[in-house]
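First up is the structure itself, then whatever we jot down about it.
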Amino acid sequence: MRVLVLGGSGNVGKLVLQQLLARGHEVRAIIRTPENLPSILSSDSKLSVIKANLLDISIDDLASHVQGYDTVISTLGHSMNYGRVPGLGIWINPHDLVVRATQMVCDSINKAQPTNPIRFILLNTVGVINPDGSDTHVRSGFEKRLVSVMTAVLPPYADSVRSANYISKEVGTGSKYVEWTAVRPDGFIDGEISEYRVLDSIQHAFYEPDKITKANIAHFMCELVENPKTWEQWKFKMPVLIDTHQPSKE
């Protein structure tokens, strides 16, 4: 398989690159700071790197990068820190990085008009309700008020909500060229690949998260790339990921 990765220098993105390459896939990555890649990745002959800020690339150029690829994976997100200042990153522009990237990917795929639909795998968050109304978790009044505040004052959260709304409502299931899934991991932690669960709905309030290792998030994304049954099961859906064995529950 040939996979285009966006955000490959981030915490989850590096693991996605590592696992895709280990599985033998041909990978192209658009990365603003390729020097942040570990040498074991950057030296792999199956990886080609384009040094660029995604938001500075034209739709025509992105369409040329997409052409001939089977899957696009976006692990783009907002850094919580800025330089040495913890927490400052959430206020740094661009506040709409994820939704703009999502729109660009879908527009570029439509521009390329591939013979077969291209899969788009978007990293989102369990804090975002599926816009199609399929989540069985019912938010309490307190949670709804808290979400309203977060949407108003926290740009990264609002960006995640908008990207989920766009992919679900604007792209939907009727595109001739784009198939998608938005992966909603629970609380990220470090750790190795282990047993994890893939759920079709949020199970709890977002401020009471379960845990999922970043390696397991990357593993599920790779399964979506190469396992047809996994893709057919989760296509046009927003699966939730949690580790089977929770650190605080053992």
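The values are calculated or read from the model by the stated rules, or taken from the named source; none is laboratory data. Note that this is a predicted model, so its numbers are computed, not measured. So basically every Cβ, Gly included, is an ideal-geometry build from the backbone, and we count neighbours across all protein chains shown.
Per-structure values
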| item | result |
| --- | --- |
| Residue match in region 17-28 (condition: among the polar types (S, T, N, Q), within 16 Å of Leu4 (Cβ to Cβ) and touching a strand residue (DSSP E or B) at 6+ places or on another chain (Cβ under 6 Å)) | no |
| Residue ID - nearest to Glu232 (Cα to Cα), chosen from residues in region 174-192 that are hydroxyl-bearing (Ser, Thr, Tyr) and at pLDDT 95 or above | Thr181 |
| Any chance Leu62 is surrounded by 18 or more Cβ atoms within 10 Å (Cβ to Cβ), touching a Lys or Arg at 6+ places or on another chain (Cβ under 9 Å) and either aliphatic (A, V, I, L, M) or at pLDDT 95 or above (or both) | yes |
| Any hit, region 111-127, residues being in contact (Cβ under 8 Å) with a residue 24 or more places away in the chain, of a type in the set (Gly, Ala, Ser), closer than 15 Å to Thr71 by Cβ and in a strand (DSSP E or B) | no |
| Residue within region 66-89 that is part of a helix (DSSP H, G or I) and at pLDDT 95 or above present | yes |
| Search result, residues across region 21-58 that are surrounded by fewer than 18 Cβ atoms within 10 Å (Cβ to Cβ) and assigned to a helix (DSSP H, G or I) | Ala22, Pro34, Glu35, Asn36, Ser39, Ile40, Ser42, Leu55, Asp56 |
